[in-house]
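Okay, so here's the structure we're looking at.
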Amino acid sequence: MPKVTAAYREARRDEIIDAALRAFSVKGFQGTSMADVIAETGLSAGAIYGHFAGKKELFAAVAARTLQSRRLEVEAQQTDGRLLTPGEVVTTILRGMRDSFDTRLLVQLWADAAADPAILESIGAPLAFVPEAFGASVRPWFEAHPEHAGDDIDATIARLVPIMLALGQGFMIQRQIFPDFDDEAYFASVRQLLPH
């Protein structure tokens, strides 16, 4: 049997994640079964389970990849020589999430994780990088503007990151619940609320 390369495994994993995102977008997290994902990929069950233990792990991978893409987007904008303020970091990530991912899925996952310790455990590790990503994204701005950080940049970032995450979660929840929710007004308020 020929040896499978790491690049091939990664490409197959990405293919499965893409298919899972399509399936989750149609039926939501609860309504999507592994059979739906398998059908969407056109692969065998063994091929899927060789990469993911089940639906929860697969959904966490979908969410983690989407969030990682947003972090790379922030980093790309920072390399142009202009540092993004904390509010701009949040709005850049949220716009990217809104435009590339059905954010209802994250709202559903958070609700399920709050009610089911097994879901919380399965998504904890894959999504643990999110606070770190927000912190890393705002660090260059605070280093260039120490007057906003006080004596300890690390402590300032540690206090700010949960607020940034809450603003992101609030955005995703409110736009699902309130029919007249105004994305752009929310983004403008975020930029004003956070250090700038």
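The values are calculated or read from the model by the stated rules, or taken from the named source; none is laboratory data. None of the values given here were measured: they were computed from a predicted structure. Reconstructed Cβ throughout: ideal geometry from the backbone, glycine too, with neighbour counts over all protein chains shown. When the accessible area is computed, the model is the full protein with side chains, heavy atoms only, and any ligands, DNA or RNA have been set aside. Shrake-Rupley method; radii C 1.70, N 1.55, O 1.52, S 1.80 Å.
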>> Exactly one of these conditions fails for residue 127: (1) farther than 30 Å from residue 32 by Cα; (2) open to solvent by less than 40 Å² (accessible area, probe 1.4 Å). Give me its number.
In response: (1)
> Can you name the residue in the stretch 24-53 that is outside any helix (DSSP H, G or I) and surrounded by 12 or more Cβ atoms within 10 Å (Cβ to Cβ) and is also farthest from the chain's Cα centre (by Cα) among such residues?
Replying inline: 43
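Only one residue in 96, 168, 150 is open to solvent by less than 60 Å² (accessible area, probe 1.4 Å), in contact with a helix residue (DSSP H, G or I) (Cβ under 7 Å, 6 or more places away or on another chain) and at pLDDT 90 or above. Which one? Outline the logic, then answer.
Details: 96 fails: at pLDDT 90 or above; 150 fails: at pLDDT 90 or above.
Criteria check complete, one pass: 168.
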>> Criterion first (without any contact (Cβ under 8 Å) to a residue 60 or more places away in the chain, polar (S, T, N, Q), farther than 20 Å from residue 84 by Cα and in a helix (DSSP H, G or I)) does residue 174 satisfy it?
In response: yes
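Of the residues 9, 82, 13, which single one is farther than 22 Å from residue 175 by Cβ, open to solvent by 40 Å² or more (accessible area, probe 1.4 Å) and touching a His at 6+ places or on another chain (Cβ under 6 Å)?
Details: 9 fails: touching a His at 6+ places or on another chain (Cβ under 6 Å); 82 fails: touching a His at 6+ places or on another chain (Cβ under 6 Å).
Just a single option satisfies the conditions, and that option is 13.
If I ask for residues that are touching a residue at least 24 places away in the same chain (Cβ under 8 Å) and over 23 Å from residue 26 (Cα atoms), which ones from the stretch 94-124 would you list? Spell out how you get there, then give the answer.
To start, the set of residues in the stretch 94-124 that are touching a residue at least 24 places away in the same chain (Cβ under 8 Å) comprises 94-98, 100-110, 112, 118-119, 122-123.
Passing the criteria: only 118.
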